[in-house]
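The values are calculated or read from the model by the stated rules, or taken from the named source; none is laboratory data. Here the structure is a predicted model, which is why all the values come from computation and not from measurement. Using ideal geometry, Cβ is built from the backbone for each residue, glycine included, and neighbour counts are taken over all protein chains shown. These accessible areas exclude ligands, DNA and RNA; they are computed on the full protein's heavy atoms, side chains included. Shrake-Rupley method; radii C 1.70, N 1.55, O 1.52, S 1.80 Å.
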There are 2 protein chains.
Amino acid sequence: LDQAALAAAWSRQASLTKPPGSLGRLEDLAAQLSGIAGTCPPPRPLPAVVGVFAGDHGVVAEGVTPWPSEVTAQMVGNFLHGGAAVNVLARRVGAEVLVVDVGVAGALPAGAGLVRAKVRPGTANLAEGPAMTVEEATAALDVGAALASRLAEAGAACLLTGDMGIGNTTPSACLVAALTGLPAERVTGRGTGVDDERLARKQAVVAEAVRRLPADASALEVLASVGGLEIAALAGYVVGAAAARRPVLLDGVIAVAAALVAVALAPACRDYLVAGHRSVEPGAGAGLEHLGLTPLIDLDLRLGEGSGACLALPVLDAAASLLAEMATFEGAGVAQGPLA
Amino acid sequence: LDQAALAAAWSRQASLTKPPGSLGRLEDLAAQLSGIAGTCPPPRPLPAVVGVFAGDHGVVAEGVTPWPSEVTAQMVGNFLHGGAAVNVLARRVGAEVLVVDVGVAGALPAGAGLVRAKVRPGTANLAEGPAMTVEEATAALDVGAALASRLAEAGAACLLTGDMGIGNTTPSACLVAALTGLPAERVTGRGTGVDDERLARKQAVVAEAVRRLPADASALEVLASVGGLEIAALAGYVVGAAAARRPVLLDGVIAVAAALVAVALAPACRDYLVAGHRSVEPGAGAGLEHLGLTPLIDLDLRLGEGSGACLALPVLDAAASLLAEMATFEGAGVAQGPLA
């Protein structure tokens with residue numbers, strides 16, 4: 001991050017008409033945004049884009065979710081028609097939704113806002129072998145990185161992560177376990193809401209997949225073995241956004257898994273991350289802690305799609321706007337009490 | 001609350017294209033908003049108004065804050081010029097700021113957006129005797145109630161609480177202690193940021209003021225004895241908003257103290273309250289717990305003015321919008337997995 005801009009942000013914050021530190025975490029956030037942009041005050045995080053990366057998962061054959069894989073394509077259709085939660089939330093906060101097919105198994109409807117970049121129609125079953133090849137994982141990473149780069153060039157000031165993929169909390173749990181070293185039971189949750197029996201099965205699948213990984217596996221190899229196409233693309237999207245000096249607003253556990261991969265591949269990404277919310281899914285909180293990130297919103301969401309990231313965008317905008325628009329003590333003729 | 005609208009909200013929520021319960025607390029919020037409005041889906045909480053009630057406090061003479069009372073009037077000037085934090089945040093979320101002088105001691109500048117309703121120029125020192133008379137407290141309550149009623153009639157869909165008053169975390173702590181029964185040390189904090197010595201003095205002032213209250217004092221008598229003019233007006237504003245069936249979005253400890261008074265005076269108010277955020281000030285969290293409210297935002301703010309309420313308004317809007325605008329499983333042609 002730009003150290004001069006960071007310092008300028010803290011110095012400006014101290015001149016604003018409020019008790020020192022009284023804006024709490026908004027002050028840290030404003031400094032981070034300044035450091036990312038290299039300017040103080042930082043630009044507002046608008047226009048913003050939610051990249052909703054979609055892919056299917058062979059591991060669904062293990063019964064880790066009650067939803068059939070067909071729902072991935074059906075939900076992509078719902079996104080394209082503006083009817084999903086992420087569409088409503090994005091509209092409200094002024095963000096654009098861009099759906100990226102990086103690995104949907106089923107046939108997709110035509111529709112504006114769909115980026116067609118399918119690497120393969122769903123992963124293989126990670127319970128039986130690698131979810132994809134290293135070449136496929138790399139191709140998916142490239143899809144995300146190229147999109148982030150293109151969006152930044154087109155003027156996007158903030159990139160939000162989104163996802164759609166029936167079964168994708170299972171590969172996410174695998175990645176969180178593998179990259180944090182935490183046990184499978186600790187980071188594997190109920191996803192969209194499975195019962196105790198399915199949860200036990202899911203935890204066993206995650207534990208076994210992680211156990212199978214070679215001790216010296218690289219982050220890329222881990223991603224290919226137990227990840228997902230949309231997760232790989234999201235990891236690339238994070239790397240691409242950081243390279244373009246744009247803040248990345250993370251959604252839930254899928255985004256956190258992708259961020260762990262991105263930071264393992266390119267540690268400098270870390271400073272560009274903002275944790276949008278704390279998902280109910282335990283791998284999200286565990287992964288954020290590993291990354292040293294504290295989420296902005298904590299409202300028991302477990303939907304994904306980018307919903308939690310959208311909810312947090314106004315907080316980011318508030319942080320940037322306060323630093324840019326508040327009056328100073330001198331300018332407003334207000335006595336600076338504690339210094340008197 | 002309207003039970004039919006509440007039931008309709010939960011029923012509609014179950015038909016939307018998402019796993020059941022996956023929107024977490026946004027689902028509870030949408031139901032509450034439906035119950036308040038008596039319609040499902042509920043109206044969006046816009047237009048919204050932040051009522052920033054301003055008053056001064058005789059207890060400043062006890063050294064409970066390092067800021068001089070003159071800053072109250074200076075900050076009112078800042079509000080009228082749009083330079084304070086609450087102005088920036090209200091602009092961002094589409095709320096109007098209305099400043100109400102219910103008890104500022106100093107001379108105030110002319111300015112659009114200022115409601116002149118001074119009951120008296122600051123309270124008496126609550127460390128030496130009652131802060132105001134019961135008649136004055138009643139007059140301040142009436143100012144707030146009348147404003148809420150007028151704003152609701154003029155079309156405000158949501159009322160946010162705001163405040164300005166150097167020293168006002170001290171009467172707030174008194175009210176929280178008196179109305180929850182918690183000890184003074186537990187609910188008295190550093191306000192805008194006092195040092196250990198001032199904090200000890202402040203806690204002693206609060207403990208002594210609460211000790212002095214007659215055991216059988218009514219909520220109105222407690223308010224008059226240890227409250228503040230802007231806090232009384234805020235309590236009236238809460239009662240008036242609830243009477244007009246509008247949701248009230250609470251800010252920090254001043255708002256929580258006012259809400260405790262409002263609920264003591266008119267228990268039905270409780271269902272119309274939404275806790276905007278958890279202030280760092282300990283009385284805020286303690287009072288919210290007593291009221292059975294869980295805050296939407298928790299970002300270590302301790303500024304007041306209505307800043308935390310403004311930050312939470314987009315969350316309220318999101319909850320209402322999701323229930324109103326999301327597609328249903330049937331409408332979007334998405335398979336309802338777990339029910340299959």
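Below, the figures for the structure above:
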| read-out | value |
| --- | --- |
| Radius ratio Rg over Rh of chain A, counting only Cα atoms, Kirkwood formula for Rh | 1.01 |
| DSSP-assigned coil residues among GluC sites (Glu not before Pro) in region A:121-162, each with at most 16 further Cβ atoms within 10 Å | A:Glu128 |
| Accessible surface, per residue, of the protein assembly as shown when the full set of protein chains is kept, probe 1.4 Å, Å² | 32 Å² |
| Under the Debye formula (equal points on every Cα, no solvent term), log10 I(q)/I(0) of region A:233-340 at q = 0.11 Å⁻¹ | -0.42 |
| Three-way shape call for region B:1-139 based on the alpha-carbon gyration tensor, with the a/c threshold at 1.5 | prolate |
| Number of partner chain Cβ atoms within 10 Å, mean per residue of A:19-30 | 6 |
| Relative contact order %, chain B, counting alpha carbon pairs below 8 Å whose residues are six or more apart | 24 percent |
| Around B:Lys18: net Lys/Arg minus Asp/Glu count, Cβ-Cβ under 13 Å | -1 |
| Label-point separation in nm, B:Arg270 to A:Gln3, each point 7 Å along Cα→Cβ | 5.6 nm |
| Accessible area of the protein assembly as shown belonging to carbon and sulfur atoms, whole % at 1.4 Å probe | 54 percent |
| Averaged over B:85-92, number of beta-carbon atoms from partner chains that fall within 10 Å | 6 |
| Note, ³J(HN,Hα) from phi for region A:63-69, Karplus 6.51, -1.76, 1.60, rounded to Hz, x at Gly and Pro | x, 7, 8, x, 8, x, 4 |
| Proximal lysines to A:Lys118, defined as alpha-carbon separation beneath 19 angstrom and excluding residues fewer than eight positions away on the same chain | none |
| Peptide B:52-63, shielding by other chains (average Cβ, 10 Å cutoff) | 0 |
| Exam field: A:Thr39 pseudo-label spacings to other copies (7 Å along Cα-Cβ), nanometres | 4.2 |
| Where B meets A: accessible area buried, both sides, 1.4 Å probe, Å² | 4300 Å² |
| Length-normalised contact order for region A:241-325 - Cα pairs under 8 Å, 6+ apart - percent | 33 percent |
| Positive minus negative residues near B:Ala61 (Lys, Arg vs Asp, Glu; Cβ under 15 Å) | -2 |
| Distance between modelled label sites at B:Ala154 and B:Glu197, nm, 7 Å Cα→Cβ extension | 4.6 nm |
| Label distances, nm, B:Arg211 versus same residue in remaining copies, Cβ-directed 7 Å point | 6.5 |
| Cβ-Cβ FRET estimate between B:Ala107 and B:Ala61, R0 fixed at 22 Å, reported to 0.05 | 0.65 |
| FRET efficiency, B:Arg211 to A:Arg245 (Cβ-Cβ, R0 45 Å, nearest 0.05) | 0.20 |
| Whichever aspartates and glutamates have a C-alpha closer than 18 Å to that of B:Lys202, once near sequence neighbours (fewer than 8 apart) are set aside | B:Asp56, B:Glu62, B:Glu128, B:Glu185, B:Glu281 |
| Cα centre as origin, Lys/Arg/Asp/Glu Cβ charges: region B:48-316 dipole, Debye | 440 debye |
| Region B:178-245, Rg to Rh (Cα coordinates; Rh as Kirkwood inverse mean 1/r) | 1.04 |
| Choice from B:Pro45, B:Pro214, B:Pro121 with maximal GNM fluctuation in chain B (Cα, 10 Å cutoff) | B:Pro214 |
| Of all chain B residues, the one whose C-beta is nearest the axis that brings B onto A, in angstrom | B:Pro314, 2 |
| Computed log₁₀ I(q)/I(0) - Debye formula, equal Cα scatterers, no solvent, the protein assembly as shown, q 0.05, 0.08, 0.11 Å⁻¹ | -0.24, -0.61, -1.03 |
| For region B:38-90 and region A:121-183, distance of Cα centres in Å | 45 Å |
| Pseudo-label separations to other copies for B:Gly63 - Cα-to-Cβ vector, 7 Å, nm | 7.2 |
| Within region B:74-181, trypsin sites (Lys or Arg not before Pro) in DSSP loop having at most 16 other beta-carbon neighbours inside 10 Å | none |
